[in-house]
Amino acid sequence: MSNSKGQRQVDFLKQVITAGGTIAKASFSIERGLGRTHPAYLLTLDQHGALTLQELPWTPELEEYLLHERPTQMDNRVDERERFANLLSNNLKAVEAQVGSDFAQAVFVEILREHPEYALGQLLAKVPVYPPSHGGASYHECRMFLEHAIVGLQNTAVLKLGYPNSPETIQLVGEALGIVLDDKFHISLRTQLFPG
């Protein structure tokens, strides 16, 4: 068993749950600036009537636990949208490390252009990327990874977190994808600096 920070967070929450406690409330925060930094979960734990607030920095292990082992919805849509954007952004970063950021971002944009249900047309029109080369194994692997990340998140929202299989859930995932696009390509920042 690993003794990583993330594993210690999960072990702590498992101990609380095993002792009869619950996660009474959950929210997600992330600082914004020139990038998104310091993601964290704010969990209100109910331990036999005693409420405690725990701020736990985001780790992959904690995310896995709160998505799959102990599926936990965030208390509001804004926090859930930020959480989903963080997940998608981390997946994009992972594939960027394998195939290069320009190529991965071009494949990501290509996938999103094929999915009008996410309502990202206005943002996609402002994204400065060239179409990716479709030859080679890296294209297919990159595309499969990113498609799986997007569809997997949407399925997790419905099957694990209990969101309805409805246009509202598709919109929630679309808003998270929009945050990733905006952050990756600095769309809002470019609009502020160069209006018109």
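General remarks:
- Some residue of the stretch 20-30 being part of a helix (DSSP H, G or I), modelled with pLDDT of 95 or more and either of a type in the set (Ser, Thr, Tyr) or not assigned by TED's automatic domain parsing to the domain that holds Ile187 (or both): no
- When the stretch 161-196 is filtered for residues that are outside any helix (DSSP H, G or I) and more than 15 Å from the chain's Cα centre (by Cα), the ones remaining, listed by number, are Gly162, Tyr163, Pro164, Asn165, Ser166, His186, Phe194, Pro195, Gly196.
- Check on Ala85, surrounded by 13 or more Cβ atoms within 10 Å (Cβ to Cβ), modelled with pLDDT of 95 or more and more than 13 Å from the chain's Cα centre (by Cα): no
- In the stretch 140-196, the residues that are farther than 26 Å from Asp75 by Cα, surrounded by 16 or more Cβ atoms within 10 Å (Cβ to Cβ) and among the aliphatic types (A, V, I, L, M): Leu146, Ile187
- Exactly one residue out of Ala137, Ala97 is without any contact (Cβ under 8 Å) to a residue 12 or more places away in the chain, aliphatic (A, V, I, L, M), within 24 Å of Thr37 (Cα to Cα) and surrounded by fewer than 17 Cβ atoms within 10 Å (Cβ to Cβ), and it is Ala97.
- Meets criteria (at pLDDT below 95, of a type in the set (A, V, I, L, M, F, W, C) and either farther than 27 Å from Ser27 by Cα or not assigned by TED's automatic domain parsing to the domain that holds Pro39 (or both)) for Phe194: yes
- Of all the numbered requirements in (1) crowded, with 21+ Cβ neighbours inside 10 Å; (2) under 17 Å from Ala176 (Cβ atoms), Ala119 misses one, and that requirement is (1).
The values are calculated or read from the model by the stated rules, or taken from the named source; none is laboratory data. The model shown is predicted, which means the values in this text are computed figures rather than measured ones. Neighbour counts run over all protein chains shown; Cβ positions are idealised from the backbone, glycine included.
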